[in-house]
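Below is one structure, written out as structure tokens; the observations come after it.
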Amino acid sequence: MWGRRDVTQAPDHIWQRVNPSVGIALNDVTNNAPIGVTIDLGPRIYLSAGLHCGRTTTLDPNADVRVGSVFQNRASAIPTLQEWHFGGYYGATINLEAAVSLLRTAIGSATGGKS
């Protein structure tokens, strides 16, 4: 979006730290759509936040069927509705190389520099 850059270096401008993000749910692609933004806190640490849109199938509340009741028909005849639900999400990501470096530093300081 902002052109080419070296991902190991901080961006030139503050607005280049904010990037759109779109995801997929591998186990149910057609019924899930996470969209949001990712903010680069540093060259290898990222915060993400956004909206998860998910479509679910529920019993039709207008039908004469209740959860736990006996249904005397084929399963395909169960009256259902598909509804979209929306909820926020957030997360943090650290580059694997940075995580290893952080762990080495933490272990080294915990053992007095002997790792």
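Just so you know, all these numbers are worked out from the coordinates, no wet-lab data involved. Everything numeric here is computed off the predicted structure, so don't read it as measured data. Here the Cβ is made from the backbone with ideal geometry for all residues, glycine too, and neighbour counts use every protein chain on show.
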**Asked** If we sort 89-97, 72-80 on the protection proxy, mean other Cβ atoms within 10 Å, highest first, what's the order?
**Response** 89-97, 72-80
**Asked** Which one is right for this structure if mean projected area of the Cα convex hull in nm² is calculated from it: [x] 13.0; [y] 8.5; [z] 9.1?
**Response** [x]
**Request:** Please give the peptides 82-88, 28-34 ranked by average Cβ packing (other Cβ atoms within 10 Å per residue), highest first, as a rough proxy for protection.
**Result:** 28-34, 82-88
**Asked** What spacing in nm lies between the two simple spin-label points modelled at residue 98 and residue 72, each 7 Å away from Cα in the Cβ direction?
**Response** 6.4
**Request:** Quick one: among 23, 50, 36, which has the greatest mean-square fluctuation in a GNM of the chain with alpha-carbon springs under 10 angstrom?
**Result:** 23
**Item:** Near-label residues of the range 30-65 by backbone N, under 14 Å of a point 7 Å along Cα→Cβ of residue 83
**Value:** 54-63
**Message:** Give me the percent relative contact order of the range 14-110, please, defined on Cα pairs under 8 angstrom at least 6 residues apart.
**Reply:** 25
**Asked** Looking only at the range 44-68, which residues have a backbone nitrogen under 19 Å from a spot 7 Å from the Cα of residue 8 in the C-beta direction?
**Response** 44-46
**Request:** Subtracting the Cα-Cα distance from 0.36 nm times the residue separation, let me have the gained length for residue 53 to residue 25 in nm, one decimal.
**Result:** 9.0 nm
